[in-house]
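Quick note: the coordinates plus some simple rules give every number you see, no bench work behind them. Source: prediction; values computed, not measured. Reconstructed Cβ throughout: ideal geometry from the backbone, glycine too, with neighbour counts over all protein chains shown.
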Amino acid sequence: MDSGRGAKRRRLSDESDVLRNASISPPPKRFASALKQHAGGSTSEFQDIRMGEGLEMLPDSVINVPSTRSIASPVQLNFIEELPAASNVDTVSLGSILGDPMIKECWLFNYLFDMDFVMDHFDPDTRDLIQVRIVHGSWKREDTNGIGIENAAKRYPNVEIIKAYMPEMYGTHHSKMIVLFRHDDLAQVILLTANFIERDWRMSQAIWKTPLLPLQKKGAFPTTSLLPLGSGPRFKNDLLAYYRGYGSKKLQNLILQLQDYDFGEVRGALIASLPGKKTVQSPDPELDTLWGWPGLKRILSRIPSKTVTPSDPNHQSHIVIQVSSVAAVGEKWLNKTFIPTLSTISDAGVSQKDTKKPKNSIVFPTTDEIRRSVDGYGSGSSIHMKVSTPAQTKQLALLKPMLCHWAGDQRPSVNPASTPRASRSSNPAVAAPIHKAHRHRAAPHIKTYIRFSDLSMNTIDWAIMTSANLSTQAWGAAANTDGEVRICSYEIGVVVWPSLWDDDVDDDDGSGAGEKGKAVIVPVFGKDMPGEDESSGKTVVGWRLPYDLPLVPYREDEKPWCASEPCNEPDWMGRVWPGYGK
């Protein structure tokens with residue numbers, strides 16, 4: 001971490017030298033927006049200027065050639081001490097989040113808590129001074145998880161416990177979130193996929209952070225109309241609506257504080273779930289935040305669609321669901337509710353009938369992948385898909401054609417160069433170069449949903465990071481005859497898509513307006529920053545993938561990991577698995 005901060009300081013120092021040595025003459029219009037971006041801390045082609053030279057000294061060939069702007073992935077992966085350095089590039093540790101001595105108040109939302117583990121990650125000089133709020137859903141008096149949290153909190157006088165009421169029997173408080181308030185009057189919201197227990201941080205997890213949020217300028221008043229989905233003010237509106245959905249007076253202080261902060265730099269749409277029955281339609285949907293799959297459907301319906309050529313065989317989008325648990329969802333819900341929701345496209349420009357149905361894949365680990373993971377079978381206690389009963393066996397048969405390996409090292413040992421073109425096109429495991437995510441030994445607790453633009457999987461239409469697994473409890477059941485959707489759990493996540501960065505595209509007239517449709521999101525592997533793009537003038541945003549591409553489908557004889565089934569073959573640490581809860 002220190003070397004990363006040192007490199008950043010050196011880079012900023014180098015750029016400051018450029019500014020000091022630049023001419024005071026007005027810069028060419030080509031660089032007007034670049035200077036504006038630089039002032040805000042953004043990366044731009046201004047970095048390409050040679051040290052010690054003014055803007056007017058750049059050759060015309062440089063000025064006239066549009067540049068590519070690269071933006072790091074909005075999601076990051078977690079640091080795992082047991083993995084090699086190549087697997088931890090650009091990763092985030094819990095200590096790097098909580099260990100900042102500037103933190104004065106911290107709100108922690110989650111399902112599972114190890115209080116000592118959490119408190120050990122705060123700065124040792126300030127941990128006793130930070131106001132820590134723990135929000136969990138184990139509210140029943142006899143709940144052993146809640147009792148454990150309450151007893152542990154007694155050792156820390158600065159910790160307050162807040163219980164989220166769970167109206168649904170099969171629901172959980174599954175949202176995973178951190179809200180920080182700092183001594184310098186900045187705030188930050190962090191969404192993640194990990195519980196606050198030690199084992200989870202040895203598994204693959206994802207973290208999404210807002211920028212540090214400043215206080216709103218004095219005299220600024222909230223707008224009376226909602227801004228578009230994906231904008232910072234809209235994210236703020238929906239986040240506060242989510243907190244209000246708890247119906248807890250103890251969350252009022254959090255709501256009142258965040259109301260004073262400026263979310264203008266946030267890019268992404270909040271996707272969340274609140275337990276209870278929710279209506280699919282409302283009289284004015286723009287003024288009502290919808291939860292679960294109806295909320296996701298509304299977001300996806302507003303994402304600008306790309307021009308599609310139906311006759312092109314490669315123009316079939318590919319939706320990849322990657323989760324740590326698959327519940328008993330049933331064929332009807334999967335095929336009639338959830339997959340159609342993920343397949344939703346904008347009504348503008350492209351109609352559903354003009355597009356092919358997306359290909360669908362589910363990334364989930366096999367028993368062998370759990371056996372060889374960092375924690376061996378211990379990781380398997382957090383990963384669930386039941387395959388024992390007749391109903392579960394039937395569901396497995398439904399899912400089997402979509403199932404793909406978590407660890408890409410299970411791919412067939414075939415050399416693409418020596419494979420006939422026809423065979424390669426029919427076998428995605430050998431159809432393209434292998435892109436390694438370097439996470440195959442860290443079992444997945446991460447949850448992502450991604451729509452790749454086409455079968456080449458080189459660009460992304462939209463991407464989701466969330467706490468929600470593949471279940472009706474998380475996303476909501478199918479609508480009943482009254483148009484109501486029953487949701488059981490609290491969940492939270494974020495959706496992003498390329499046009500959120502369109503305004504970052506360089507413009508030729510210096511207006512800063514950008515060119516719509518020029519931003520793209522690409523998968524990145526082993527790092528957060530995308531490489532150089534051959535298409536000049538684009539903004540290229542990375543999305544950090546935790547799994548390798550191309551995907552490797554299950555073989556006929558392979559089954560997903562089932563935590564409830566015993567495994568007698570020892571894992572790499574020599575342990576056998578008796579079965580979950582046994």
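Please go through the residue pairs Lys217/Lys527; Lys332/Lys447; Lys140/Lys278 and name each one whose alpha carbons sit more than 31 Å apart in this structure. Write out the running numbers ahead of the final one.
Values: Lys217/Lys527 36 Å; Lys332/Lys447 22 Å; Lys140/Lys278 24 Å.
Too far apart for the 31 Å limit: Lys217/Lys527.
Thinking of the stretch 101-231 as a set of Cα atoms, what percent of all their pairs are more than 24 Å apart?
38
Using R₀ = 60 Å, calculate the FRET efficiency as 1/(1 + (r/R₀)^6) where r is the Cβ-Cβ separation of Ala397 and Asp185; round to 0.05.
Between Ala397 and Asp185 the formula returns 0.60.
Lys/Arg Cβ at +1, Asp/Glu Cβ at -1, dipole of the stretch 69-183 taken about the Cα centre: which of Leu77, Thr91, Leu180 is farthest positive-ward?
Leu180
Can you give the net charge of the other residues whose Cβ lies under 10 Å from the Cβ of Lys527, counting K and R as +1 and D and E as -1?
Spelling it out: positives minus negatives among the neighbours equals -1.
What full-extension length gain, to one decimal in nm, is calculated for Ile434 and Glu558 as 0.36 nm per residue of separation minus the Cα-Cα distance?
Difference between extended and current length: 42.5 nm.
At 7 Å along Cα-to-Cβ for each site, give me the label-to-label distance between Asn151 and Lys582 in nm.
2.8
Could you state the number of Å between the C-alpha centres of the stretch 446-462 and the stretch 139-186?
34
Using a 7 Å offset from the Cα along the Cα-to-Cβ direction at both Trp572 and Ala241, what is the distance between the two label points in nm, to one decimal?
Each label point lies 7 Å from its Cα, and together they span 4.6 nm.
How much FRET efficiency would the formula 1/(1 + (r/R0)^6) give for Asp116 and Glu265, where r is the Cβ-Cβ distance and R0 is 35 Å, rounded to 0.05?
Once rounded, the FRET efficiency stands at 0.50.
Report the Cα centroid-to-centroid distance between the stretch 549-582 and the stretch 243-265 in angstrom, as an integer.
43
On a 22 Å Cα-Cα criterion, which of the cross-link pairs Lys176/Lys559; Lys357/Lys400; Lys250/Lys297 come out too long?
Numbers: Lys176/Lys559 29 Å; Lys357/Lys400 19 Å; Lys250/Lys297 31 Å.
Long pairs (Cα-Cα over 22 Å): Lys176/Lys559; Lys250/Lys297.
Whole-Hz Karplus ³J(HN,Hα) for the stretch 356-361, in order, using 6.51 cos²θ - 1.76 cosθ + 1.60 and θ = phi - 60°, x for Gly and Pro?
The phi angles translate into 6, 5, x, 6, 10, 10 Hz.
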